[in-house]
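Participant: Okay, handing you the structure first.
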Amino acid sequence: MMRDAEKTIGNLIDKQGVSLISSLDDEGFPNAKAMLPPRKRVGIKTFYFTTNTSSIRVKQFRSNPKACIYFCDKRFFRGVMLKGTMEVLEDAASKEMIWQEGDTMYYPKGVTDPDYCVLKFIAQTGRYYANFSSENFMIE
């Protein structure tokens, strides 16, 4: 049993160089994709990612916002899956909030690039795996 889920899981997340996000396609099948780590997180409830507005994930999240994100610490063979919803944000404030120098490599027209958007994930539940056992938990 975790003593402090937010601290334990937050530390795991912050040390990972890759995030996995999953959406549902039109046939209801899960689609997973490796992405850069979240640009911003608020506890273990709210996460912000960058992506291309033209991506298939954006289309899928607009159609069905159910999502999960997964972080894996392969060194210690532990991980966490968070289930919740994904929202596509295209407003200037959200885009500016997580914009970083060098992002023009992905979005050549800068922070106002129409092919740049923000994915906002809000977790509802989670499942943590470590030491050959796992546990479910609610996120407040």
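The values are calculated or read from the model by the stated rules, or taken from the named source; none is laboratory data. All values reported here derive from a predicted model rather than from experimental measurement. Because the Cβ atoms are built from the backbone with ideal geometry, glycine has one as well, and the counts that use them run over all protein chains shown. Heavy atoms of the whole protein, side chains included, go into the accessibility calculation; ligands, DNA and RNA do not. Shrake-Rupley method; radii C 1.70, N 1.55, O 1.52, S 1.80 Å.
Participant: First compute the accessible area of segment 31-136 with a 1.4 Å probe, then give the percent of it belonging to carbon and sulfur atoms.
Facilitator: That fraction is 54 percent.
Participant: Evaluate the relative contact order of the chain (contact order divided by residue number), counting alpha-carbon pairs under 8 angstrom at least 6 apart; express in whole percent.
Facilitator: That works out to 25 percent.
Participant: Can you tell me the relative contact order of segment 6-60? Whole percent, Cα pairs under 8 Å, sequence separation 6 or more.
Facilitator: Reported as a whole number, the value is 29 percent.
Participant: Which of (i) 1.06; (ii) 2.09; (iii) 1.99 is the computed Cα Rg over 2.2 N^0.38 Å for the structure on display?
Facilitator: Label (i) holds the value from this structure.
Participant: Counting Lys and Arg as +1 and Asp and Glu as -1, what is the net charge of the other residues whose Cβ lies under 11 Å from the Cβ of Val42?
Facilitator: +3
Participant: Using +1 on the beta carbon of Lys and Arg, -1 on that of Asp and Glu, and nothing else charged, what's the dipole of segment 45-140 about the Cα centre, debye to 20?
Facilitator: 500 debye
Participant: Same structure, new question: When the chain is modelled as a GNM with alpha-carbon springs shorter than 10 Å, which of Met97, Met86, Met105 fluctuates the most?
Facilitator: Per the Cα network of the chain with a 10 Å cutoff, Met105 tops the list.
Participant: Leaving out ligands and nucleic acids, note down the accessible area per residue over segment 1-134 with a 1.4 angstrom probe, in whole Å².
Facilitator: Counting only protein heavy atoms, the per-residue value for segment 1-134 is 58 Å².
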